[in-house]
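Asks: Take a look at the following structure, please.
The values are calculated or read from the model by the stated rules, or taken from the named source; none is laboratory data. Because the structure is predicted, anything quoted here is derived from the model rather than measured. Positions of Cβ are generated from backbone atoms using ideal geometry, with glycine treated the same way; all protein chains shown enter the neighbour counts. Accessible surface is based on the protein model in full, side chains and every heavy atom, while ligands, DNA and RNA are left aside. Shrake-Rupley method; radii C 1.70, N 1.55, O 1.52, S 1.80 Å.
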Amino acid sequence: MPRFSVIVPAYKVQAYLHECLDSVLSQSYPDLELIGVDDCSPDACGAILDEYAVRDPRVRVLHLPGNTGPGGARNAALEEAAGDYLLFLDGDDTLAPDALRSIADRLKETDEPDVLVYDHARTYWSGETVHSRAAGRLTEQDSAPFRLENRPGLLRLRTVAWNKACRREFVREHGFAFPPGHYADTPWTYPLLMTAESLATLDRVCVHHRQRRHGSVPRTAGERHFDVFEQYDRVFAYLDERPELAAWRPVLFRRMVDHLWAVSARRNRLPRRARAEFLRRARAHYRRYRTPGAGVPPRTRFRHALVRFGLRRTWTALRWASAVGRAATHFAGLLLRGVRAALLKAHYRVQRCLPLRADRAVFTADGGQGYGGDPAALERACRSLAPHIGTAWIARPEYHAAIPPGPRRVTPGTAAYWTALARSTYLVTDAGLDRRLVKRPGQILVQTHRGTPLKHQGLDLQERPAAARDTDFAQLLREVDTWDFVVSANRHSTLTGERVHPGRYTTLEYGRPRTDLFQSTTSHDVAQLRESLGVPEGTVAILYAPTHRDYRRTQRHTLDLERIVRRLGPRFVVLARAHPRHGGPLARAAGRVIDVTGHPSVESLCLASDALVTDYSSLMFDYASLDRPIVIHADDWEAFTAASGTYFDLRSFPPGAVARSEDELIDIFATGHWRGSRSAQLRSAFRERFCPYDDGRAAERVVRRVVLGESDTGLPAVVPLDERRAVPSAAAALDRSPLTTVPHPAGPR
């Protein structure tokens, strides 16, 4: 008897069925049977299922004589299923990697509940992946199962079959089955949740639900959507037969009205000629099932009124009025923006006619996204060493809270912004400044860049279209011509930068200012940082910071962080930080995987961690100055090099151990190789090449040279590598023997 029966109905999904079946059969938890149901599909779905059945004995195929719809196909599989738990998956959806293992672990932890509800993400044809809004209702509060009255919010989740694992004996005992129709999941989901004696939740994305461009029922207009009325008749008939469930009638009434409203309000659901009839039937259902004391929330009373009275013309008029209002608002906004832009342009021209202020410096980093990086280190050093200089920091309003007291906050695009750019003598940035900036004689622009280059930059990108994207190389050279000084961390950066960014600037090979913090921070500061991030005392914190893949349209993540910490045991936690261009977190904050994507200071994350795991991020060069272990996860080096180009082979000259797969990465930490003598030797050679000046006084040298006008001979001498004392990690005091891990075999991914 298998643990899981995964039921996959297939009808006109031949283009997606291979991916669906592979996602099930490649699970790291192999104790399953896959029942594929060919719902008399006119395409190759039946043949594809038969091919998989020949290759894998876990696959069974049912060929139905006629098309029954997804409900009938699932019912046919229910009669054949032998697994402890039933899972349903549409033929164009996929299971997330290690989903079954997570489900099995949660079922065991919650004492075999009747139903386990888990999360999903929608995957669009464009490649975009959007997480559901259900995470708040799926919080794993503890290991005890519960009943629906303890978590009634579960009724607000999508009424679908593929986000639940159902105990087979529970389903058969109560005779649950899918009715015919396109909304068959509705009278399956509600009775299932209301009847279950024990429920549990899993706050993990286990299913990727495909949103097809064409062909899916919810996105196709037609009279098939009238089926929703018959399905709610079945739901309330189920309640009428079971008086003990009467308390759920008001809740289901509200859910029905919300559902009917959603169908009627979306233009892609109903043909134009059918909308009046749909609202008439919705009005009849409202009156038939209305329950006294339903307690309609204030935010939904208006839509309830529209459904209750069948106000089709009112709804149409309101929709037209809303469209006209949006158009008018858009036009007025365009007009106001045009007037404002003209006034700001005139203001900037006036400011450029006024004298420069020698006591003003303006700083910005990462395109106005917060306070950090080398510009932040230089701003702090400027206030300390040159207090007569007034500093300003350019950042968007949502990042102002992260700016410490001291610099004046400036919002891009405001009059104060243009005044600062026009009249400040010193301009410091790690990227490009506003393209409309006209650099004045006497202004000094300091370019810090964003780290030591591994992948190709500047003019070298002309041969790398995937990485260059829409780079305007003529504009790039115009920006280079405005640079007066470029801060460099090492000889490699200097030689590379002067070739790919040719200009008349002066290179200041003084070290990386942002790493100064690593030499001045104390162990007490590190302990406070770890506590603020929620890192348990006595654990090893691994900072995982991958870089952007230019050759990928979507930035999928190749490491299953939850699996890694599960394999390594309770002594390890992961601080997961996504690349800024990813647009979202690497993992949901849960257990020993802590999402730190939104943390304002990557330097603080480095200090709080005990080791860095990265692929090809330039963060490794900064982290090396901490003299803490670094592990490289290079699973796609050839593809990355082909798309982005690299200046040296990282695998031949790494800062530590190199893993080429997730299992190798786990093994490196499980055996202690991550902080072994060989890793220390590699890190030492790496530091010698790329961190020769990172002694805690790089920012001071830059400020003294640029602002105070001191010569190179008068600048602070560089502290030799063997004399530097960066703050030790919290794990440095732990026993040097390999840490205890969970002895699971590697197994398939």
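Asks: When TYR52 is evaluated against the numbered criteria (1) more than 27 Å from ARG563 (Cα to Cα); (2) in a loop (DSSP other than H, G, I, E, B); (3) touching a helix residue (DSSP H, G or I) at 6+ places or on another chain (Cβ under 9 Å), which criterion, by number, is the only one it fails?
Replies: Only one criterion in (1) more than 27 Å from ARG563 (Cα to Cα); (2) in a loop (DSSP other than H, G, I, E, B); (3) touching a helix residue (DSSP H, G or I) at 6+ places or on another chain (Cβ under 9 Å) is unmet by TYR52, namely (2).
Asks: Select, from ALA699, ALA624, the only residue that is at pLDDT 95 or above and in contact with an Asp or Glu (Cβ under 8 Å, 6 or more places away or on another chain).
Replies: Among ALA699, ALA624, only ALA699 is at pLDDT 95 or above and in contact with an Asp or Glu (Cβ under 8 Å, 6 or more places away or on another chain).
Asks: So HIS131 ticks every box in (1) touching a helix residue (DSSP H, G or I) at 6+ places or on another chain (Cβ under 8 Å); (2) closer than 27 Å to ARG74 by Cα; (3) at pLDDT below 85 but one. Which box is left unticked?
Replies: Single failed check for HIS131: (1).
Asks: Moving on. So is ALA81 crowded, with 21+ Cβ neighbours inside 10 Å and under 30 Å from VAL59 (Cα atoms) or not? Steps first, answer last, please.
Replies: Working: crowded, with 21+ Cβ neighbours inside 10 Å: yes; under 30 Å from VAL59 (Cα atoms): yes.
In short, yes.
Asks: To continue, here is another question. Picking from ALA392, ALA376, which residue would you name as being in contact with a helix residue (DSSP H, G or I) (Cβ under 9 Å, 6 or more places away or on another chain), in contact (Cβ under 8 Å) with a residue 24 or more places away in the chain, assigned to a strand (DSSP E or B) and open to solvent by less than 10 Å² (accessible area, probe 1.4 Å)?
Replies: ALA392
Asks: Would you please list the contacts, defined by Cβ atoms under 6 Å and residues six or more apart or on different chains, that run from a residue in the range 180-207 that is within 12 Å of ASN150 (Cα to Cα) to a residue that is surrounded by fewer than 24 Cβ atoms within 10 Å (Cβ to Cβ) and of a type in the set (Val, Ile, Thr)?
Replies: ALA200/THR110
Per-residue answers, yes or no, for (1) surrounded by fewer than 24 Cβ atoms within 10 Å (Cβ to Cβ); (2) in contact with a helix residue (DSSP H, G or I) (Cβ under 7 Å, 6 or more places away or on another chain):
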| position | (1), (2) |
| --- | --- |
| PRO600 | yes, yes |
| THR614 | yes, yes |
| ALA624 | no, yes |
| SER644 | yes, yes |
| ARG678 | yes, no |
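Asks: To continue, here is another question. Is it the case, given these coordinates, that HIS449 is of a type outside the set (S, T, N, Q), touching a helix residue (DSSP H, G or I) at 6+ places or on another chain (Cβ under 9 Å), surrounded by 19 or more Cβ atoms within 10 Å (Cβ to Cβ) and closer than 22 Å to GLU700 by Cα?
Replies: Criteria met by HIS449.
Asks: While we're here: Quick one: is LEU682 among the aliphatic types (A, V, I, L, M), in a loop (DSSP other than H, G, I, E, B) and open to solvent by 30 Å² or more (accessible area, probe 1.4 Å)?
Replies: It is false that LEU682 is among the aliphatic types (A, V, I, L, M), in a loop (DSSP other than H, G, I, E, B) and open to solvent by 30 Å² or more (accessible area, probe 1.4 Å).
Asks: Scan the range 14-30 and give yes if some residue there is modelled with pLDDT of 95 or more, over 12 Å from LEU64 (Cα atoms) and in a strand (DSSP E or B), otherwise no.
Replies: No: zero hits.
Asks: Of all residues in the range 544-595 being of a type in the set (Gly, Ala, Ser) and at pLDDT 65 or above, which is most open to solvent (accessible area, probe 1.4 Å)?
Replies: Looking at the filtered set, the residue picked out is GLY591.
Asks: For ALA420, state whether it is out of contact with any Gly (no Cβ under 6 Å at 6 or more places or on another chain) and buried (at least 19 other Cβ atoms within 10 Å of the Cβ).
Replies: Spelling it out, ALA420 is indeed out of contact with any Gly (no Cβ under 6 Å at 6 or more places or on another chain) and buried (at least 19 other Cβ atoms within 10 Å of the Cβ).
Asks: Within the range 681-707, count every residue that is touching a residue at least 12 places away in the same chain (Cβ under 8 Å) and farther than 18 Å from GLY511 by Cα.
Replies: The number of residues fulfilling the criteria is 1.
Asks: Return the pair list, or none, for Cβ contacts closer than 9 Å from residues in the range 527-542 that are of a type in the set (Gly, Ala, Ser) to residues that are open to solvent by 30 Å² or more (accessible area, probe 1.4 Å), at least 6 apart or on different chains.
Replies: Sorted first by the residue in the range 527-542, then by its partner, the pairs are ALA527/GLU537; ALA527/ALA730; GLY534/ALA589; GLY538/ARG571; GLY538/ALA730; GLY538/LEU734; ALA541/ALA730.
Asks: Next question, about the same structure. Considering (1) closer than 22 Å to ARG704 by Cα; (2) at pLDDT below 95; (3) not hydrophobic (A, V, I, L, M, F, W, C), say which one GLU398 fails and leave the rest.
Replies: Result: GLU398 fails condition (1) only.
Asks: Can you pull out every residue in the range 322-356 that is among the polar types (S, T, N, Q) and open to solvent by 60 Å² or more (accessible area, probe 1.4 Å)?
Replies: Applying the first criterion (among the polar types (S, T, N, Q)) to the range 322-356 yields 322, 329, 351.
Correct list: THR329 only.
Asks: Would you confirm, using the coordinates I've provided, whether ALA165 is modelled with pLDDT of 95 or more and either open to solvent by less than 50 Å² (accessible area, probe 1.4 Å) or charged (D, E, K, R) (or both)?
Replies: Working: modelled with pLDDT of 95 or more: yes; either open to solvent by less than 50 Å² (accessible area, probe 1.4 Å) or charged (D, E, K, R) (or both): yes.
Here the answer is yes, as ALA165 does meet what is asked.
Asks: Quick one: is PRO292 open to solvent by 60 Å² or more (accessible area, probe 1.4 Å), within 23 Å of ALA247 (Cα to Cα) and at pLDDT below 70?
Replies: no
Asks: From ASN75, ASN67, which residue is of a type in the set (S, T, N, Q), open to solvent by 10 Å² or more (accessible area, probe 1.4 Å) and at pLDDT 95 or above?
Replies: ASN75
Asks: Looking only at residues that are in a strand (DSSP E or B) and among the β-branched types (Val, Ile, Thr) in the range 192-221, which one is modelled with the lowest pLDDT?
Replies: Restricting to residues being in a strand (DSSP E or B) and among the β-branched types (Val, Ile, Thr), the top hit is VAL205.
Residue by residue, here is whether (1) of a type in the set (Val, Ile, Thr); (2) in contact with a Phe, Trp or Tyr (Cβ under 7 Å, 6 or more places away or on another chain); (3) over 20 Å from HIS209 (Cβ atoms) holds:
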residue: VAL54; (1), (2), (3): yes, no, yes
residue: ARG60; (1), (2), (3): no, no, yes
residue: THR68; (1), (2), (3): yes, no, yes
residue: LEU78; (1), (2), (3): no, no, yes
residue: ALA81; (1), (2), (3): no, no, yes
residue: LEU87; (1), (2), (3): no, yes, no
residue: ASP90; (1), (2), (3): no, yes, no
residue: THR94; (1), (2), (3): yes, no, no
residue: PRO97; (1), (2), (3): no, no, no
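Asks: Still on this structure: What's the total number of residues in the range 401-417 that are more than 24 Å from ALA386 (Cβ to Cβ) and either touching a strand residue (DSSP E or B) at 6+ places or on another chain (Cβ under 9 Å) or modelled with pLDDT of 95 or more (or both)?
Replies: Residues meeting the conditions: 4.
Asks: Also, I was wondering about something else. Which number in (1) part of a helix (DSSP H, G or I); (2) surrounded by fewer than 21 Cβ atoms within 10 Å (Cβ to Cβ); (3) at pLDDT 90 or above marks the one condition that TRP188 misses?
Replies: Here TRP188 meets the rest and fails (2).
Asks: Let me ask something else about it. Is one or more of the residues making up the range 640-660 assigned to a helix (DSSP H, G or I) and charged (D, E, K, R)?
Replies: The answer is no, given that none of the residues of the range 640-660 is assigned to a helix (DSSP H, G or I) and charged (D, E, K, R).
Asks: A follow-up question, please. Any residue at all in the range 154-161 that's open to solvent by less than 40 Å² (accessible area, probe 1.4 Å) and outside any loop (DSSP other than H, G, I, E, B)?
Replies: Quick first cut of the range 154-161, residues open to solvent by less than 40 Å² (accessible area, probe 1.4 Å) only: 154-155, 157, 159-161.
Those left that are additionally outside any loop (DSSP other than H, G, I, E, B): 154-155.
Yes.
Okay, residues lined up against (1) assigned to a loop (DSSP other than H, G, I, E, B); (2) farther than 22 Å from VAL171 by Cβ; (3) open to solvent by 10 Å² or more (accessible area, probe 1.4 Å); (4) modelled with pLDDT of 85 or more:
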residue	(1), (2), (3), (4)
GLU112	yes, no, yes, yes
VAL117	no, no, no, yes
ARG122	no, yes, yes, yes
SER126	yes, yes, yes, no
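Asks: Would you point out which residue out of ALA15, ALA44 is open to solvent by 10 Å² or more (accessible area, probe 1.4 Å), in contact with a helix residue (DSSP H, G or I) (Cβ under 7 Å, 6 or more places away or on another chain) and among the aliphatic types (A, V, I, L, M)?
Replies: ALA44
Asks: Are any residues in the range 441-498 in a loop (DSSP other than H, G, I, E, B), within 34 Å of the chain's Cα centre (by Cα) and within 29 Å of ARG357 (Cβ to Cβ), and if so, which ones? It would help to see each step written out before you state the result.
Replies: From the range 441-498, those in a loop (DSSP other than H, G, I, E, B) are 441-443, 448-454, 456-457, 464, 469-472, 481-484, 489-490; that's our starting set.
Next, from what is left, pick out any that are within 34 Å of the chain's Cα centre (by Cα): 448-454, 456-457, 464, 469-472, 489-490.
Residues satisfying the conditions are THR448, HIS449, ARG450.
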